[in-house]
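Down below is the structure, laid out as structure tokens.
The values are calculated or read from the model by the stated rules, or taken from the named source; none is laboratory data. The shown structure was predicted, so the numbers you read here are calculated from the model rather than taken from an experiment. Every residue, glycine among them, receives a Cβ derived from its backbone with ideal geometry; neighbour counts consider all protein chains shown. Ligands, DNA and RNA are stripped out before the accessible areas are found, and what is left, the full protein with its side chains, is counted by its heavy atoms. Shrake-Rupley method; radii C 1.70, N 1.55, O 1.52, S 1.80 Å.
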Amino acid sequence: MAKKEQTPKIYLLDVTNRDGVQTAKLGLSKLEKTMINIYLNEMGVFQSEFGFPTTRHEARYLEANLELAETGVLKPIRLEGWIRAIVGDVKTAFKFVPNIKHLNLSISTSEQMLKGKFRGKKSEDDIIKEMTDAVDAAKALGAESIGVNAEDASRTDLSFLVKFGLAAREHGAARLRYCDTLGYDNPFTIYDTLKALAENVDIPLEVHCHSDLGMAVANSLAGAKGAVDGGQDAYINTTINGIGERAGNADLVATVLALTKSKGFAKKYQLGNPIKLAVAAKIAEFASYAFDVPIPINQPGVGANAFAHASGIHADGVLKDPENYELYSYKELGRGTPKFVETGREIISGQYSGVAGFKHLMGKMNVSFASRDEAGDILELVRYANVQSHKPLVEDELLFIAKYPLIAQKVLTQTPLVLETM
Ligand SMILES: [Zn+2]
């Protein structure tokens, strides 16, 4: 097939707000998800899979974030919702979140899932029909871009994957997501498969890797290389701190470091848009706080020990020239500023806080209010945010609420269904 004239590029598509929050025992409040979108945008990530448009309690958060996109606050990042590749889900998504513009539609493709999950009730042709019907429905309802996800792709016959991808492309899908759902691939297999898909399906490819065998980042790089060598753009799926189902996904910061700093890779395989690594420390720390999961001490780039040297030879070497024992500088990752930790009196805003304490707290961030009533209104939002997150809000969250109170109100509003049977 005809190759594109320009060298294909690699983009980052973060799925923390979907795969990350699907993780057992973990979750994020809607405000925390919003902050993640803001930090991802600041970092230059191409797309955020920002949630589940068929889930009722996500709808206001999704709509509010789309409003932030429209007003330029969340720009240029692309916000995309994740649903099953079923016509019913497409309709529900547009009913709950009418302004949704980008969707990824997911369906299992492997023989294992056909037998083990669908219990033999669906044939390969049925899978393709369901997916293409869903793509058609999404287009008819106004989706601007549609990605199609082959779940468990790494255990799917290549010939069926090609057929599936061609059908998706024919119906107007913009990308095919190759999901190594179980983390089964290795860099060699995923390279071959992605190259073959790029050559035979002729569609940009997403690489979605898990770390069950400890290879999510390596596989993501190899998969992206396969796509580019096959003539297609690659979109690597990441999560912040690698948090995702089971052993997790490809870590965002580690993936960027691997793409840009590993031996010779960036000479040929380049990012489609620049990534601000300086946001790395901030985004990793926020996700750690929000998920309440510590960053491992040896985490690439952002772990406490990532730039720590104790042995005589290393300490001496790194002091003479950092490049002796460091591949990159801590400053590049936004580290090195001393952290302010309050050791005296501390006023915290929580769900039972009052206006005086809140005004004092905001005053320390140079935020003042026109009146006591205005401070009270903002505090009311802060109280609800605290109810949802169960922890003191970070400065950026408080500043966000003070700056965009109406958006914050939407993000925080939850209205469960009235139960008709009670
Ligand atoms: Zn996943």
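Computed FRET efficiency, Cβ-Cβ of residue 144 and residue 6, R0 30 Å: what is it to the nearest 0.05?
Working: r = 22 Å, r/R0 = 0.73.
Using R0 = 30 Å, I get an efficiency of 0.85.
For the chain, a simple Cβ point-charge model (Lys and Arg +1, Asp and Glu -1, everything else neutral) yields a dipole of about 220 debye relative to the Cα centre. With all protein chains in place and ligands, DNA and RNA left out, the 1.4 Å accessible area ranks 316, 229 as 316, 229, largest first.
The residue list 82, 298, 412 was ranked by how far each Cα lies along the charge dipole of the chain toward its positive end, using unit charges on Cβ atoms, and 412 comes out on top.
Counted residue by residue at 0.36 nm each, then reduced by the alpha carbon distance between them, the extension gain from residue 91 to residue 343 reaches 85.4 nm. The calculated FRET efficiency for residue 26 paired with residue 383, based on their beta-carbon distance and R0 = 22 Å, is about 0.40. With a cap of 15 neighbouring Cβ atoms within 10 Å, and only residues DSSP puts in a loop, list the chymotrypsin sites (Phe, Trp or Tyr not before Pro) found in segment 107-200. Within segment 107-200, the qualifying chymotrypsin sites (Phe, Trp or Tyr not before Pro) (loop, at most 15 other Cβ atoms within 10 Å) are 118. Note on the chain: dipole from Cβ charges, positive end direction compared against 189, 247, 328; the farthest Cα belongs to 328.
Return the Rg/Rh ratio of the chain with Cα-based radii and a Kirkwood Rh.
Numbers: Rg = 22.7 Å, Rh = 22.8 Å.
Radius of gyration relative to Kirkwood radius: 1.00.
Cross-link reach is defined here as a Cα-Cα straight distance under 22 Å, omitting same-chain residues fewer than 8 places apart; for residue 410 the lysines meeting it are 30, 33, 75, 95, 101, 391.
The mean sequence distance of close C-alpha pairs (under 8 Å, at least 6 residues apart), as a share of the length of the chain, puts its relative contact order at 16 percent.
Could you work out how far apart the two model spin labels at residue 355 and residue 125 are, taking each label as a point 7 Å from the Cα in the direction of the beta carbon, and quote it in nm? Inter-label distance under the simple model: 7.1 nm.
Placing a label point 7 Å from the Cα of residue 166 along the Cα-to-Cβ direction, the residues of segment 191-205 whose backbone N falls under 19 Å from that point are 193-205. Basic side chains Lys and Arg get +1 at the Cβ, acidic Asp and Glu get -1 at the Cβ, and with that the dipole of segment 276-349 about its Cα centre reaches some 180 debye.
Highest mean first, the peptides 86-95, 12-21, 102-111, 25-34 sorted by other C-beta atoms within 10 Å per residue fall in the order 12-21, 102-111, 25-34, 86-95. Springs between Cα atoms under 10 Å define the GNM used for the chain, and in it the highest mean-square fluctuation of 70, 80, 397 occurs at 70. Quick check: at a probe of 1.4 Å, how many percent of the accessible area of the chain sits on carbon and sulfur atoms? With neighbouring chains kept in place, the figure for the chain is 54 percent. Extension gain, residue 298-residue 331: 0.36 nm per intervening residue step, less the Cα-Cα distance, totals 10.1 nm.
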